[in-house]
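The values are calculated or read from the model by the stated rules, or taken from the named source; none is laboratory data. Quick caveat, the model's predicted, so the values are computed rather than measured. Quick reminder, even Gly has a Cβ in these numbers, built from the backbone with ideal geometry, and neighbours come from all protein chains shown.
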Amino acid sequence: MAYSHQLIEKKWQKFWEENRIFSVKNASTSSSNKKTFYALDMFPFPSGAGLHVGHPEGYTATDIICRKKRMEGYEVLHPMGWDAFGLPAENFAIKTGQHPEISTNANIENFTKQIKSLGFSYDWERELSTTDPDYYKWTQDLFLKFYEKGMLYEDEKLLNWCNSCKVVCANEEVEQGLHERCGNAVTKKSLKQWMFKITDYAERLLQDLEKPNVILLHGWEGTGKSNWFPEITDYLKKNGIDVYHPDFPNTNHPKYAEWKEFFQKEIQPKLQPNSIVVGHSLGCGFLQKYLSEENIKIGEIVFVAPTVGDCGVDEIKDFFTEEFNYEKIKNSADNIFIIAGGKDKYITSDEFKFLAKKLNAHFNFYENLGHFLENTSIEILEFFKKTVQSVLDWPEKIKAMQRNWIGKSEGLLFSSPLIFEYTKKRGTKSSCEGAHSGKINLSGSSRSSQIFSIVLNNIKEVKKKNMRTHISKIQKTFLINNQKIVFDGFALWEHWKRKNNYEKKYRKEFAATVIKSLSSLYYESEFIGYFSSKNSIYRIVFEYIEKDVKRIKTYYRVTDLSSLYQKNKNNLKIQTYSTHFEAFKADTFFVIAPDHPLLPKLIADVDNKNAIEKKCENILEKRAQLGFEEEKESDGIFTGRYIQDPVGNGKLPLWVASFALADYGTGIVKCSCHDERDFAFAKKYNIPLKAVLFPEDKEEAKKVKNLEYCYSDMKNGVLTEPSKFSGKKSGELREEIMQYVEKNNLAERQTNFRLRDWIFTRQRYWGEPIPLVFDENGKCYPLDSSELPLLLPKTDNYLPSSSGESPLAKITDWVQVKGYITKDETVKIITNSHQVPKGVEIQNFTRETSVMPNWAGSSWYYLRYMDSKNSNEAFSKEAENKWGPVDLYVGGAEHAVLHLLYARFWHKMLYDMGIVSTKEPFKKLVNQGLILSYAYQRKSGGLVPTDEIEEKDGKFFEISSKEPVEKITAKMSKSLKNVVNPDEIVEAFGADTLRMYEMFMGPFEQNKAWDTSAVEGMYKFLSRIHRYFTEKEISKTCPSPELIKLTHRTVKKVSKDIDEFKFNTAISQMMVWMNAFQKLDTVPQIAGGKFVRLLAPFAPHLAEELWQKFSPEDETISFKSWPTYDESLLVENNVKYAVQVNGKLRGDFEISKNATKEECIAKAKTIEKVMNNISMLGGEEKVRKEIFVPGKIVGFVVK
RNA sequence: GCCGAGAUGGCGAAAUUGGUAGACGCGCGAGACUCAAAAUCUCGUUUCCUUCGGGAAGUGUGGGUUCGAUUCCCACUCUCGGCACCA
């Protein structure tokens, strides 16, 4: 019977689909403790080109794992969907005039057909598309949750702008400074964008790439082995997590001071930024007090049955103070959990609730549980299961790329006084005078009037209930690190009072609003508030600052504005950031970025101001145009200003330099000759240099004549400058110098990240509309959740507009809406007046017209799959608990940074809100290699299309010129005519062949070239299997013990290889099995049955077909148990020894596995060849050593 | 420049507590079946030397440790991927 793959595959695909074989339910079944497994493929963008042979590679791998897991009894979630928003669909629409929705749906249909033809065991009932309103409703819903949390702000951003196409283009669309579509130069254009504060999570996104450790702190009369501690310790250790469970001293009569000393000595050094510290009972009390005293940063705190406040027990009184600094405790961890019971004998439920509220903790309360004194605790074990699932099992490569992208660096922040003689400008009032005339003054800022009006705008709204500040719009524009703001609160109050009807009761709100406005404006800057007298406003404002405004680093209470202003002016500090401060003694100049916000102010009074401005423009223009591959020569100009070096190098000049970046560090760099870039710059402009590091070799150092040698040797250099550090290696100095400068107030430690906030808006059509509206004053409101989904309006005009605005902006009747503000500060849109509840004010609103980037939909789709039909929420907690996190995530490495980072970011925000239960979304990540194709390359380097090549004697020639060409591997491309269409392969050889071949090509994670003749080889293998199983009768017994052993060996090897993603060797083992068995006249029942089940994950259609022969009563092989093997059968009775003389193979022999060393050596000596070799080397008496490796080697060392 | 991965026959590749290098497949060669071809099956296939017994070399290059190294250590070359004026 011939192997008719087409019939077999169609038949089984139909069967699987009609019987919904691979659908899984969310509700727990009767066997509720069934293990679950969630395997996910990166969902594809359904492009018009259809499926590529690269797609099925990853899909096959997950399918093999899933099918095996099902046979092992797991409940398997294996979904598929479409990432269908995005530029390509829109560009296709622009080109063809066809609406993106139409082309997208057609592409999805085509992709579905193609993917289904490959026989993957997807649960198609959970299929989703990011473009489906039922899906993006929840994308918008999550967006609003993040907006509520304050994770979004609006900012002006410089974007790539193509003047010829009048369109904003993504970085990916810009090549060498030119727009890839039209070839014209790309410039920068400033546009307002919504920004996601991913930088708030930079540290955690970095830390959670590493394994956390866990510290367990016991309570009164407990030990590190009390209660459930051993159970949890074992569980965590088994999962590779380090656990410390110390015994506090004097546990029966605990003293806080003793415990503190112990903790500092034993535990403190083990704390990492992602440590999880767990306390039980008094262990929590200790931790509360300790954390409110010390500055510590850890990952999570878990309080189990914590003591709260003063327990009223005298013995442990010193563990409590009147009230802890809960703010400080809260800030020392990313998340705090409280696990407590309602039947606790020592602490009341109200006390737990009090603590949870104070610490803003996640509160896991169990009504029927007590003080957690038992030996086991399901609740705590459950908690740590989630911890274990949050430990990433990812390729080092991807983790490294993420670390790189986040780009953390630790260094020192130097504050240097600017030498800056203040000169009064002609004709203008001094700032002090201005203050008294009722205006806000911001020292040196030309934009004070703008800020003033914005603050006033906010204050106007104090009257309204539920006041919401709308300051984010201008936040970053005025964020100047080095600037101190002088703000006259009293003057503002007077001003406001005049303009509005004064009412005493608004005072508090007024104060709050002012401070809130300014604090978000001057986020992380130094803030100086000034109030003319100690009146009540003064008091209220500063109370407010002290309590609620954390972001302001420092503030001063000053009552005399003019003296403050003068002091501030003369002490303007320039801050510089350095990670290579070992050579700070060599610093001889400063550089500032040409686009630094402080620069205009610095050069305002300088003579050659115009020349400097021109130079800056020049540099910035060049920077915008240059692709990064081009040579970058540094360029700059002297600013005319000097800075007093805080670490004793005197008065140093400040230069504008092209290599300084405004948005890294502080935008101002302190430079020395020991940095290659600084060195080149100084040489170019003849800035004096001073070398302080020399090679360690003193003799060499003496020979050094020029500075070039010095800077190149900085890494191993020794500081020679006569100071307390001289004579030490720079590497060893880092910590010492850090401590020295900190102690002497010369600098402070600072961490910097390369990661920038995420621009979350696109001025495009084909994306999720953003559910925000603006009122007539430009204040932003979120839409009410009842307004979701906010549908993407239908239009034929989806071309980007010339203003850089979204195409949606042109749909006026969609953009301009009427609505009212709800109690929750959200906006409800009304289409007719009947809908309007009584007592609300109808206002005009304008919609946000940008759409989300296509990373939005892909940042959470894995969660929707868990509960894709849910119409009440994005996904239910139960579903997330059952399936999350994704156990296995497979896809290309091209998403190593953006998609995976964004998804992790969203997941972490959801975790903090208590919406998901794990810190990380994807437990194990595997990247498939690229599938390449052969291509032919001329000697000159040009590539020749495949159909213009002929082969002669294994060599390749170009037909037209007869020139020899070289066969290489390259990406598949239409122009090279080497694209392989999976449909054709399925048609000719079948899905099983395609699956098997792609798995057999080579290691899964490696790139590999497509070879169609090898595909035929795989087809032959499957045909051989088919022939063997269909043409030969089943026999009850297996004729040879060797073959039984082979079968068991094959089961073991294939099982292990699948788990390790070594599909190629699993298949080769099946080939070995087949080669041996096909020589038989029959199919031994047990061995054959095992083999077919091993084959099932790889070639499911064929396996189903063959299984019918073994077990005709079974409907499907999909849930038959995975074959087992008997380890004892794998041990051979006889083993083969290799015999070596001086490490070279000279023969072998077979002997019983129980043979002793002596027996083996004696046997080895009977081999003629061995003895010949020994006598050639001098005979048996020269044998110095006999080597015996049991089961493997007998060796003789002859000398 | 920085970070990461890798280099083994004509080709894809296998081989881990250091122990017989090249499993399995492709390709190629020989043979069987056939009038013939295809398909199928059998045998061979790292290179060089050979008196046909066998011998020598061999896992990017050069060193080292070891009785023994694809595997461990040091230095280097090349290839691929990512980042890049990041102080």
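Strands (runs of 3 or more DSSP E) wholly in the stretch A:955-1056 with at least 1 residues that are surrounded by 15 or more Cβ atoms within 10 Å (Cβ to Cβ) and either of a type in the set (D, E, K, R) or within 36 Å of the chain's Cα centre (by Cα) (or both) - which ones? Steps first, answer last, please.
Values: elements: A:955-958, A:964-970, A:1033-1035.
Counting at least 1 such residues, we get A:955-958, A:964-970.
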Item to complete: Could you grab me the full set of residues in the stretch A:1081-1123 that are within 39 Å of the chain's Cα centre (by Cα) and either more than 20 Å from residue A:119 (Cβ to Cβ) or of a type in the set (Lys, Arg) (or both)?
Response: A:1093, A:1120, A:1121, A:1123
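Anything in the stretch A:621-646 that is at pLDDT below 80 and either assigned to a helix (DSSP H, G or I) or β-branched (Val, Ile, Thr) (or both)? List them, or say none.
Filtering the stretch A:621-646 for residues at pLDDT below 80 gives A:621-633, A:646.
Across the stretch A:621-646, the qualifying residues are A:621, A:622, A:623, A:624, A:625.
Residue A:1112: away from RNA strand B (no atom under 16 Å from the Cβ), of a type outside the set (Phe, Trp, Tyr), crowded, with 17+ Cβ neighbours inside 10 Å and more than 30 Å from residue A:1197 (Cα to Cα), yes or no? Spell out how you get there, then give the answer.
Working: away from RNA strand B (no atom under 16 Å from the Cβ): yes; of a type outside the set (Phe, Trp, Tyr): yes; crowded, with 17+ Cβ neighbours inside 10 Å: no; more than 30 Å from residue A:1197 (Cα to Cα): yes.
The answer is no for residue A:1112.
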Worksheet entry | Qualifying position, being over 22 Å from residue A:1088 (Cα atoms) and touching a Phe, Trp or Tyr at 6+ places or on another chain (Cβ under 9 Å), among A:1153, A:1136 | A:1136
Discussion item. Given (1) out of contact with any strand residue (DSSP E or B) (no Cβ under 6 Å at 6 or more places or on another chain); (2) within 18 Å of residue A:912 (Cα to Cα); (3) in contact (Cβ under 8 Å) with a residue 12 or more places away in the chain; (4) of a type outside the set (Ser, Thr, Tyr), identify the lone condition not met by residue A:357.
Written reply: (3)
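Out of the residues in the stretch A:1137-1155 that are touching a strand residue (DSSP E or B) at 6+ places or on another chain (Cβ under 9 Å) and among the polar types (S, T, N, Q), state the one that is farthest from RNA strand B (Cβ to nearest atom). Spell out the reasoning first.
Within the stretch A:1137-1155, the subset touching a strand residue (DSSP E or B) at 6+ places or on another chain (Cβ under 9 Å) is A:1137-1143, A:1145-1153, A:1155.
Keeping just the survivors that are among the polar types (S, T, N, Q) gives A:1140, A:1142, A:1152.
On the way: A:1140: 5, A:1142: 4, A:1152: 15 Å.
Filtering first and then ranking leaves A:1152.
Can you name the residue in the stretch A:667-677 that is touching a residue at least 40 places away in the same chain (Cβ under 8 Å) and either part of a strand (DSSP E or B) or more than 6 Å from RNA strand B (Cβ to nearest atom) (or both) and, of all such residues, is farthest from residue A:721 (Cα to Cα)? Steps first, please.
First pass over the stretch A:667-677, keeping only residues touching a residue at least 40 places away in the same chain (Cβ under 8 Å): A:667-675, A:677.
Keeping just the survivors that are either part of a strand (DSSP E or B) or more than 6 Å from RNA strand B (Cβ to nearest atom) (or both) gives A:668-674.
Details: A:668: 25, A:669: 21, A:670: 18, A:671: 17, A:672: 14, A:673: 14, A:674: 13 Å.
Checked the stretch A:667-677; the qualifying residue farthest from residue A:721 (Cα to Cα) is A:668.
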Item to complete: Within the stretch A:371-418, count every residue that is surrounded by 14 or more Cβ atoms within 10 Å (Cβ to Cβ), more than 16 Å from RNA strand B (Cβ to nearest atom) and outside any helix (DSSP H, G or I).
Response: 8
Worksheet item: Does any residue of the stretch A:762-778 turn out to be in contact (Cβ under 8 Å) with a residue 24 or more places away in the chain, farther than 30 Å from residue A:646 by Cα, in contact with a Lys or Arg (Cβ under 9 Å, 6 or more places away or on another chain) and surrounded by fewer than 17 Cβ atoms within 10 Å (Cβ to Cβ)?
Response: yes
Discussion item. Anything in the stretch A:576-620 that is surrounded by 18 or more Cβ atoms within 10 Å (Cβ to Cβ) and either away from RNA strand B (no atom under 16 Å from the Cβ) or assigned to a strand (DSSP E or B) (or both)? List them, or say none.
Written reply: A:576, A:577, A:578, A:587, A:588, A:589, A:590, A:591, A:592, A:601, A:603, A:612
Practice prompt. Answer with yes or no whether residue A:84 is buried (at least 21 other Cβ atoms within 10 Å of the Cβ) and not in a helix (DSSP H, G or I).
Written response: yes
Worksheet item: Restricting attention to the stretch A:244-270, and to residues there that are assigned to a helix (DSSP H, G or I) and hydrophobic (A, V, I, L, M, F, W, C), which single residue is nearest to the chain's Cα centre (by Cα)?
Response: A:267
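So, of the residues in the stretch A:1083-1109 that are within 16 Å of RNA strand B (Cβ to nearest atom) and not aromatic (Phe, Trp, Tyr), which turns out to be surrounded by the most Cβ atoms within 10 Å (Cβ to Cβ)?
The initial filter retains those residues of the stretch A:1083-1109 that are within 16 Å of RNA strand B (Cβ to nearest atom), namely A:1083, A:1091, A:1094-1095, A:1098-1099, A:1102.
When the remaining residues are screened for being not aromatic (Phe, Trp, Tyr), the result is A:1083, A:1094-1095, A:1099, A:1102.
Details: A:1083: 24, A:1094: 25, A:1095: 25, A:1099: 32, A:1102: 28.
By that ranking, first place goes to A:1099.
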Worksheet item: From A:983, A:992, which residue is away from RNA strand B (no atom under 11 Å from the Cβ), in contact (Cβ under 8 Å) with a residue 40 or more places away in the chain and within 20 Å of residue A:1094 (Cα to Cα)?
Response: A:992
Item to complete: Filter the stretch A:742-763 down to residues that are more than 30 Å from residue A:803 (Cβ to Cβ) and away from RNA strand B (no atom under 14 Å from the Cβ), then give me how many there are.
Response: 6
Item to complete: Mind listing whichever residues of the stretch A:1057-1082 are in a helix (DSSP H, G or I), in contact (Cβ under 8 Å) with a residue 24 or more places away in the chain and near RNA strand B (Cβ under 9 Å from one of its atoms)?
Response: A:1064, A:1067, A:1068, A:1070, A:1071, A:1072, A:1074
Worksheet item: Within the stretch A:651-663, is even one residue closer than 30 Å to residue A:725 by Cα, more than 15 Å from RNA strand B (Cβ to nearest atom) and without any contact (Cβ under 8 Å) to a residue 40 or more places away in the chain?
Response: no
Discussion item. Can you find a residue that is surrounded by 23 or more Cβ atoms within 10 Å (Cβ to Cβ) and out of contact with any Leu (no Cβ under 9 Å at 6 or more places or on another chain) anywhere in the stretch A:893-906?
Written reply: yes
Worksheet item: Any residue in the stretch A:1174-1190 that is buried (at least 16 other Cβ atoms within 10 Å of the Cβ), assigned to a helix (DSSP H, G or I), within 15 Å of RNA strand B (Cβ to nearest atom) and modelled with pLDDT under 85?
Response: yes
Item to complete: Can you give me the number of residues within the stretch A:1130-1173 that are within 30 Å of residue A:1040 (Cα to Cα), surrounded by 15 or more Cβ atoms within 10 Å (Cβ to Cβ) and of a type in the set (A, V, I, L, M)?
Response: 6
Item to complete: Identify the single condition in (1) within 15 Å of RNA strand B (Cβ to nearest atom); (2) hydrophobic (A, V, I, L, M, F, W, C); (3) surrounded by 16 or more Cβ atoms within 10 Å (Cβ to Cβ) that residue A:680 does not satisfy, given that it satisfies every other one.
Response: (3)
Worksheet item: Restricting attention to the stretch A:164-180, does a residue exist that is touching a helix residue (DSSP H, G or I) at 6+ places or on another chain (Cβ under 8 Å), modelled with pLDDT of 80 or more and either within 30 Å of residue A:985 (Cα to Cα) or not aliphatic (A, V, I, L, M) (or both)?
Response: no
